[in-house]
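Participant: Encoded as structure tokens, here's the structure I'll be asking about.
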Amino acid sequence: MQLDAIDEVDECGDFPDEKLILSDVKKPAIFKHKATVDVFQAKQEIEIAREEWDQLGTDNYANPVAQIQTPLISCSEVVNYFRQKDMNQYLKCIKPVKQRKGFEVLKHWLTGPPKLNRNLIAERDLFFAIALCPFDTSDEIHIRVLQTLYKTLTDTDKDCPRYGKHWEELGFQGVDPGTDLRGVGFLGLIHLLSLILNPTTADLAKEISLLSKHERQNFPFCTMGINITRIVVETMREEALNRECNKTMDIFEVTNSFYAGIFLRLFIIWREQKKTIMDSGYVIKDLTNTAKKNSSVIFKELFLYAKA
């Protein structure tokens, strides 16, 4: 684990005498009951303190504060956080509906999906705004989401460092998960969180994670999940999920379920057809086409999985 450099000030340099005499005027309060300070002993105590500080990164018991663990967070808590957060800088940049021209406009009007219920417009716009929101290390909620992902996927109750190879082991591309979110923003982490915490799909998430570590069929689990989030965003922009959203009147419930359904379909294809990372481009393209043109199949497969 790398730590930011800390400037050290040598408060106990070389002195000509073994004892340092402090005047009553300059004497710190901690020494007000003593006339002298044993410099040799002070140096020893500072050295011991430095050794204890160096061990804080690995020995949590050295300091009770280090034992405090980041609390887990639910998917609904995260969404509610964004509902209350000022998202104007992202809302003004969203493109919630695909721009169509010419005959495509007429075709969409005649045979396309129904319009989204006007009461869902604000939630739809928030969905797209979150997809533009980058990871913020200074945001407590963002950190809690990362820690929840790590603890749940590794079955541990201990926090992990913000950066490190442990994220690669979970299936991110590098030591910083935040850099993997280009194109889908924080929405990519919300979808992963919903998959692993939802009781209906928690076991599925474990099976997918296990398959992703297969000797021959391995693939980067979290990175694949981010690609699936991109498919969900594109499908929402095509308005292909309007009917389901109008039925449930819940944008995030529908998109989270759709995400899980696509991941389920990928899992079945990958496992049954013995796919490898070399096939990932073709698989993702096939999933994208199915999602946009036949989204009902995705929901039906997830329903049958949950019912089994």
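The values are calculated or read from the model by the stated rules, or taken from the named source; none is laboratory data. Bear in mind the structure is a predicted one, so any value in this text is a computation, not a measurement. Note that each Cβ is placed from the backbone with ideal geometry, even for glycine, and that neighbours are counted across all protein chains shown. SASA here: full protein model, heavy atoms, side chains in, ligands and nucleic acids out. Shrake-Rupley method; radii C 1.70, N 1.55, O 1.52, S 1.80 Å.
Participant: Checking the structure you have, find out if any residue of the range 179-187 is among the aliphatic types (A, V, I, L, M), modelled with pLDDT of 95 or more and part of a loop (DSSP other than H, G, I, E, B).
Facilitator: Yes, because at least one residue in the range 179-187 is among the aliphatic types (A, V, I, L, M), modelled with pLDDT of 95 or more and part of a loop (DSSP other than H, G, I, E, B).
Participant: Since residue 215 meets every condition but one in (1) part of a loop (DSSP other than H, G, I, E, B); (2) open to solvent by less than 70 Å² (accessible area, probe 1.4 Å), which condition does it not meet?
Facilitator: Looking at each condition in turn, residue 215 falls short on (2).
Participant: Quick one: residue 155 ticks every box in (1) open to solvent by 10 Å² or more (accessible area, probe 1.4 Å); (2) at negative phi except a single one, so which number is it?
Facilitator: Just one mismatch for residue 155, condition (2).
Participant: Which of the following residues is β-branched (Val, Ile, Thr), touching a helix residue (DSSP H, G or I) at 6+ places or on another chain (Cβ under 7 Å) and surrounded by fewer than 23 Cβ atoms within 10 Å (Cβ to Cβ): 229, 223?
Facilitator: Only one candidate qualifies: 223.
Participant: Now a separate question. Given the conditions (1) touching a residue at least 24 places away in the same chain (Cβ under 8 Å); (2) touching an Asp or Glu at 6+ places or on another chain (Cβ under 8 Å), report the number of the one that residue 174 does not fulfil.
Facilitator: So the condition that residue 174 fails would be (1).
Participant: Just for the range 267-285: of the residues that are buried (at least 17 other Cβ atoms within 10 Å of the Cβ) and closer than 11 Å to residue 211 by Cα, which one is nearest to the chain's Cα centre (by Cα)?
Facilitator: Restricting to residues being buried (at least 17 other Cβ atoms within 10 Å of the Cβ) and closer than 11 Å to residue 211 by Cα, the top hit is 267.
Participant: Name every residue in the range 54-102 that is exposed (fewer than 10 other Cβ atoms within 10 Å of the Cβ) and modelled with pLDDT under 80, in order of residue number.
Facilitator: Hits for the range 54-102 are 58, 61, 64, 65, 99, 101, 102.
Participant: Just the residues that are part of a loop (DSSP other than H, G, I, E, B) and of a type in the set (Lys, Arg), please, taken from the range 123-175.
Facilitator: Correct list: 158, 162, 165.
Participant: Another question about this same structure. Provide a single number: the residues in the range 163-179 that are more than 17 Å from residue 152 (Cβ to Cβ) and either open to solvent by less than 20 Å² (accessible area, probe 1.4 Å) or out of contact with any Gly (no Cβ under 7 Å at 6 or more places or on another chain) (or both).
Facilitator: Of the residues in that region, 8 qualify.
Participant: So which pairs qualify, if the first residue must be in the range 290-308 and among the small types (Gly, Ala, Ser), the second must be surrounded by fewer than 17 Cβ atoms within 10 Å (Cβ to Cβ), the Cβ gap must be under 6 Å, and the two must be at least 6 apart or on different chains?
Facilitator: Short answer, once both residue conditions are applied: 306/200.
Participant: Among residues belonging to the range 238-266 that are farther than 26 Å from residue 171 by Cβ, in a helix (DSSP H, G or I) and in contact (Cβ under 8 Å) with a residue 40 or more places away in the chain, point out the one that is most open to solvent (accessible area, probe 1.4 Å).
Facilitator: Checked the range 238-266; the qualifying residue most open to solvent (accessible area, probe 1.4 Å) is 243.
Participant: Taking the condition among the acidic types (Asp, Glu) and either under 13 Å from the mean Cα position of the chain (by Cα) or farther than 23 Å from residue 273 by Cβ (or both), does residue 234 pass?
Facilitator: yes
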